[in-house]
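Chemist: Provided herewith is a single structure, encoded as structure tokens, for subsequent inquiry.
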Amino acid sequence: MSNQAFLYQPKISEVLKNINRVMIGKDDEALLSVVALLAKGHVLLEDVPGVGKTMLVRTLAKSLDCDFKRIQFTPDLLPSDVTGVSIYNPKTLEFEFRPGPILGNIVLADEINRTSPKTQSALLEGMEETNITVDGEAVPLKSPFFVMATQNPIEYEGTYPLPEAQLDRFLLKLRMGYPSEKQEMEMLARTSGSHPIHEVEAVISREELVSLQKEVEEVYVDSTVHRYIVDLVTGTRKHEGVYLGVSPRGSIALMKAAKAYAFIMDRDYVLPDDVKFLAENVLSHRLILTSEAKFEGATPEDIISDVLSNIAVPVQRNVSE
């Protein structure tokens, strides 16, 4: 990995500072969002209304000099409203493609569970394949391409919750949570005049972001870390409270996220502690619990915590080995 990579670290810090100016007390959520961005993954933000899910996405998008698009999902939204549509031009006697909002660099998919599975699949295809299908033709997406989707876990009437197979396509799942009383007081003070998001400026260009993502791919992962990741994933598959454990896609996602996190931490190698820090957010939404575990009140986060506590973190090997 070249030494040039670390010239970008101050800019990553500026992105995090931008988010922290707008989002009070959400340091981990800001950091994890940047982790997903650098790892070429996507983020699902799930929480109750009004805790800042959309504001987090907007602030991150404003910090990047990239093409930002927003999709407000509603029950009547069609797949063509996401992907775009070919329209006949009587002057040229040809069909012209009008791109949809998915043809952006940073895409906010707001309230993704409010629309039909058919429309959801149009977005999820792009997330997985980095291209979309329009009139039977494959249309490549822009690079970089990053989706942050939000969904409301309450008021399920009239919604279409994402099934586990589709949740698996998100690198990370985040929850915002309510601020503390002190943080909420500070929030009121900051927003009493002009909202701080209006002062956010772009600090990373599209070309720089693509270079950062390439540098992240070169971060070294030792075989002992590979073993630790596999042990964690295998532990979820063998846990008595789990009906369906983490898939191999989850193993790859955890490794990619760990590489991005190590890069942000100014390292060109991954530590086992990086994996441990990210495990809950990367793996918990990929589990299906047994009926007994659900009845007893267990959560996917509880399962991941239990697996982490039962698997020893590998220690550093001697160079002579």
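The values are calculated or read from the model by the stated rules, or taken from the named source; none is laboratory data. Predicted model only: the values in this text are computed from it and were never measured. As a convention, Cβ positions derive from the backbone with ideal geometry for all residues, glycine included, and neighbour counts pool all protein chains shown. Please note that ligands, DNA and RNA were not included when accessible areas were found on the heavy atoms of the full protein model with its side chains. Shrake-Rupley method; radii C 1.70, N 1.55, O 1.52, S 1.80 Å.
Chemist: Only one of these conditions is not met by residue 114: (1) open to solvent by 30 Å² or more (accessible area, probe 1.4 Å); (2) over 14 Å from residue 71 (Cβ atoms). Which number is it?
Modeler: Against the list (1) open to solvent by 30 Å² or more (accessible area, probe 1.4 Å); (2) over 14 Å from residue 71 (Cβ atoms), residue 114 comes up short only on (2).
Chemist: With a cut-off of at least 3 residues that are under 20 Å from residue 43 (Cβ atoms) and in contact with a Leu (Cβ under 7 Å, 6 or more places away or on another chain), name the helices (runs of 4 or more DSSP H) lying wholly within segment 194-281.
Modeler: 206-217, 248-264
Chemist: Here is a follow-up. What about residue 151, is it modelled with pLDDT under 85 and closer than 23 Å to residue 254 by Cβ?
Modeler: In short, no.
Chemist: Scan (1) over 17 Å from the mean Cα position of the chain (by Cα); (2) within 29 Å of residue 284 (Cα to Cα); (3) modelled with pLDDT of 85 or more for the single condition residue 51 breaks and write down its number.
Modeler: Only one criterion is unmet by residue 51, namely (3).
Chemist: Residues in segment 88-109 that are open to solvent by 50 Å² or more (accessible area, probe 1.4 Å) and in a strand (DSSP E or B): how many?
Modeler: Looking only at segment 88-109, we keep the residues that are open to solvent by 50 Å² or more (accessible area, probe 1.4 Å), and these are 88, 90-99.
Of the ones still in play, those that are also in a strand (DSSP E or B) are 88, 94-99.
Summing the residues that are open to solvent by 50 Å² or more (accessible area, probe 1.4 Å) and in a strand (DSSP E or B) in segment 88-109 gives 7.
Chemist: Separate question: Which of the residues belonging to segment 131-164 are assigned to a loop (DSSP other than H, G, I, E, B), in contact with a strand residue (DSSP E or B) (Cβ under 7 Å, 6 or more places away or on another chain) and surrounded by 14 or more Cβ atoms within 10 Å (Cβ to Cβ)? Give the derivation first.
Modeler: In the first step, residues of segment 131-164 are kept if they are assigned to a loop (DSSP other than H, G, I, E, B); the result is 135-136, 141-145, 152-163.
Pick out the ones that are also in contact with a strand residue (DSSP E or B) (Cβ under 7 Å, 6 or more places away or on another chain) and you get 135, 141, 153.
Matches in segment 131-164: 141 only.
Chemist: Please work out if residue 85 is open to solvent by 20 Å² or more (accessible area, probe 1.4 Å) and part of a strand (DSSP E or B).
Modeler: Taking the combined requirement at face value, the residue satisfies it.
Chemist: Select from segment 282-312 the residues that are under 20 Å from residue 44 (Cα atoms) and of a type in the set (D, E, K, R) and write down the one among them that is least open to solvent (accessible area, probe 1.4 Å).
Modeler: Residue satisfying both the conditions and the ranking: 286.
Chemist: To continue, here is another question. From 80, 121, which residue is under 16 Å from residue 170 (Cβ atoms), hydroxyl-bearing (Ser, Thr, Tyr), open to solvent by 30 Å² or more (accessible area, probe 1.4 Å) and assigned to a helix (DSSP H, G or I)?
Modeler: Among 80, 121, only 121 is under 16 Å from residue 170 (Cβ atoms), hydroxyl-bearing (Ser, Thr, Tyr), open to solvent by 30 Å² or more (accessible area, probe 1.4 Å) and assigned to a helix (DSSP H, G or I).
Chemist: Given the structure, is residue 202 touching a residue at least 40 places away in the same chain (Cβ under 8 Å) and either in contact with a strand residue (DSSP E or B) (Cβ under 8 Å, 6 or more places away or on another chain) or in the same structural domain as residue 15 (by TED's automatic domain parsing) (or both)?
Modeler: On the way: touching a residue at least 40 places away in the same chain (Cβ under 8 Å): yes; either in contact with a strand residue (DSSP E or B) (Cβ under 8 Å, 6 or more places away or on another chain) or in the same structural domain as residue 15 (by TED's automatic domain parsing) (or both): yes.
Criteria met by residue 202.
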